[in-house]
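Novice: My structure is below; once you've seen it, I'll send some questions.
The values are calculated or read from the model by the stated rules, or taken from the named source; none is laboratory data. Please read these numbers as outputs of a predicted model, since none were measured by experiment. Cβ: placed from backbone, ideal geometry, glycine included. Neighbour counts: every protein chain shown.
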Amino acid sequence: MIEKKVTDLVFKKRRDVFTSSVIIANELEVEHKDLVRTIEKLINFLCAGSPVENDGIFELNRYSGDRYKMKFIKTTYKNKRGREYKSYDMNRPAFMKLVMQLGRYKKAHKVQNSIIQAFFGMEDMLLNIKNKNWLETRNETKAIRGEYTDIVDEYIKYAVEQGSTFYKNNPQFAYSNFTKVTNKALTTIASHPLGKPIRDYLNKYELIQLSYMESTTIQLIEIGMEEGAHYKVIYERVKVALKEIADFYNKTNPFKGRRLEQ
């Protein structure tokens with residue numbers, strides 16, 4: 001077990017918010033060297049077996065624009081004996097990808113939600129909550145939505161290949177079904193006038209939650225298809241995951257009970 005004081009789950013670095021493999025290992029109560037191996041296997045996989053680093057930084061742009069680029073930064077830390085070991089810092093998109101590999105750890109679900117919420121809190125504090133920045137955040141979530149639509153397209157083809165005549169004849173229902181699941185989870189977080197686009201009534205903190213939900217959906221669909229899971233099983237996984245995110249948000253939201261300025 002790594003002996004290192006950790007006062008925060010995330011920190012500001014290079015104009016971005018990061019967590020570290022040391023923090024994650026401490027929170028999971030696992031050997032740091034084992035987690036590092038998992039991270040390096042993930043980087044190797046994401047780079048198609050040929051990792052390319054620039055001054056210790058691995059940047060991966062698998063799903064969307066620069067705002068959501070995954071960043072793994074190779075660095076070092078010293079243990080209590082002063083010995084230096086390799087470690088990794090990672091931003092939120094990179095951490096969100098890593099958490100999909102941590103399911104075997106007993107505390108994985110609790111830790112991933114705690115760190116993700118810490119990312120959200122830090123990012124919100126760093127943002128100047130004015131209309132201009134809210135619009136920028138709104139536009140960024142639209143970028144994720146484009147990737148979300150693409151992966152649902154793939155899901156429809158996948159379901160049809162598995163014999164779904166319903167999605168073959170009614171592909172539009174795949175989009176509406178996933179959107180309904182997301183909006184249902186969001187309604188426990190924020191209210192909005194019926195019949196109006198929910199995105200237009202979310203503050204920035206809630207828009208980040210929406211982005212996380214849609215990113216989670218993207219990843220769960222992709223992983224499910226890679227595993228060869230039944231398309232209905234994939235849909236149920238998404239439903240459960242989004243409900244858990246909303247439930248956790250409602251328990252831990254530091255801004256609960258007051259609306260943020262947009």
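Novice: Would you check which residues across segment 115-135 are modelled with pLDDT of 55 or more and surrounded by 15 or more Cβ atoms within 10 Å (Cβ to Cβ) and list them?
Specialist: Ile115, Ile116, Gln117, Ala118, Phe119, Phe120, Gly121, Met122, Glu123, Asp124, Leu127, Trp134
Novice: Looking at (1) touching a strand residue (DSSP E or B) at 6+ places or on another chain (Cβ under 9 Å); (2) surrounded by 13 or more Cβ atoms within 10 Å (Cβ to Cβ); (3) at pLDDT 85 or above, which one does Val30 not meet, given that it meets all the others?
Specialist: Condition not satisfied by Val30: (1).
Novice: Among all residue pairs at least 6 apart or on different chains, which show Cβ distances below 7 Å where the first residue, located in segment 149-172, is of a type in the set (A, V, I, L, M) and the second is not in a helix (DSSP H, G or I)?
Specialist: Ile156/Pro171
Novice: Further question on the same structure: Please note which strands (runs of 3 or more DSSP E) are completely contained in segment 37-93 and include at least 2 residues that are modelled with pLDDT under 90, out of contact with any Cys (no Cβ under 8 Å at 6 or more places or on another chain) and within 21 Å of Val17 (Cβ to Cβ).
Specialist: 57-60, 70-78
Novice: Looking only at segment 180-216, which residues are at pLDDT below 80, in a helix (DSSP H, G or I) and either among the aromatic types (Phe, Trp, Tyr) or farther than 17 Å from Val238 by Cβ (or both)?
Specialist: Across segment 180-216, the qualifying residues are Ile198, Arg199, Asp200, Tyr201, Lys204, Tyr205, Glu206, Leu207, Ile208.
Novice: Could I ask something else about it? Yes or no: Asn177 of a type outside the set (D, E, K, R), modelled with pLDDT of 80 or more and not assigned by TED's automatic domain parsing to the domain that holds Ala246?
Specialist: Considered against the rule, which asks whether it is of a type outside the set (D, E, K, R), modelled with pLDDT of 80 or more and not assigned by TED's automatic domain parsing to the domain that holds Ala246, Asn177 comes out as no.
Novice: Going through segment 219-235 one residue at a time, which ones are of a type outside the set (D, E, K, R) and farther than 18 Å from Leu102 by Cβ?
Specialist: Within segment 219-235, Ile221, Met225, Gly228, Ala229, His230, Tyr231, Val233, Ile234, Tyr235 meet the criteria.
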